[in-house]
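For reference, the structure is listed below as structure tokens.
We did not get these values from a lab; they are worked out from the coordinates using the rules stated. Owing to the predicted nature of the structure, the values given are computational and were not obtained by experimental measurement. Virtual Cβ from ideal backbone geometry, glycine too; neighbours counted across all protein chains shown.
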Amino acid sequence: MTSLARVLIVDDALQPAEMIYILNGEVNTRPFHAARLFEAGLAPQIVIPREEMGPASEIGLYPNGTDVSNEVLVNLGVPQDRITIIEVEGGVTSTRDEAQVLLDYVKKHDIQNVIVVTSAFHTRRSRWIFRKILAGTNVHIQMSAAPQWKFDETNWWRNENGLLMLANEYLKFGYYLATY
């Protein structure tokens with residue numbers, strides 16, 4: 001069972017980079033992991049693309065996940081002036097969108113080395129689409145797997161969220177391979 005999860009996980013041996021790029025979702029794991037990397041001195045800047053605003057967020061009843069990630073980072077000691085939120089018309093809705101936003105950002109700011117933070121089970125598909133979108137550039141992507149909150153590759157099948165996340169990731173990766 002652990003092999004089914006481990007094949008999805010890419011966790012590079014990190015080297016210092018110019019920025020940490022947090023993929024949206026999983027606000028209980030990803031920004032916490034990014035803050036640890038920032039504190040360790042692996043990059044001087046954290047960048048987050050603005051995610052799509054749902055109707056409840058638009059009327060102020062439910063916080064946007066990007067804003068939650070920003071607040072987590074600040075509460076963990078990351079200075080606000082070291083956090084950049086990339087405003088995207090309509091917001092990003094997929095990992096592919098996030099890769100495209102990163103491509104535009106690194107071209108504009110002449111960035112060559114990026115640490116991408118996402119959930120452990122999401123790293124292989126993320127690396128695949130980021131490499132595809134960034135092909136032909138000199139941008140080096142390092143994947144950093146944020147540990148899951150209530151499960152990991154050794155026990156995912158004992159947790160409903162773990163089971164759903166693993167199944168979804170295989171389905172989404174298949175969709176990406178067929179579509180992009």
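Would you call Gln100 within 16 Å of the chain's Cα centre (by Cα) and surrounded by fewer than 19 Cβ atoms within 10 Å (Cβ to Cβ)?
So Gln100 fits the description; yes.
Go through segment 39-53 and give me each residue that's assigned to a strand (DSSP E or B), farther than 15 Å from Ile141 by Cα and touching a Leu at 6+ places or on another chain (Cβ under 9 Å).
Of all residues in segment 39-53, those assigned to a strand (DSSP E or B) come to 46-49, 51.
Still in the list and also farther than 15 Å from Ile141 by Cα: 48-49, 51.
Once the filter is applied, which keeps residues that are assigned to a strand (DSSP E or B), farther than 15 Å from Ile141 by Cα and touching a Leu at 6+ places or on another chain (Cβ under 9 Å), segment 39-53 yields Ile48, Pro49.
Would you tally the residues in segment 1-33 being touching a helix residue (DSSP H, G or I) at 6+ places or on another chain (Cβ under 8 Å) and within 21 Å of Lys108 (Cβ to Cβ)?
5
Small (Gly, Ala, Ser), surrounded by fewer than 15 Cβ atoms within 10 Å (Cβ to Cβ) and over 26 Å from Thr137 (Cα atoms): does that describe Ala56?
Numbers: small (Gly, Ala, Ser): yes; surrounded by fewer than 15 Cβ atoms within 10 Å (Cβ to Cβ): yes; over 26 Å from Thr137 (Cα atoms): yes.
Spelling it out, Ala56 is indeed small (Gly, Ala, Ser), surrounded by fewer than 15 Cβ atoms within 10 Å (Cβ to Cβ) and over 26 Å from Thr137 (Cα atoms).
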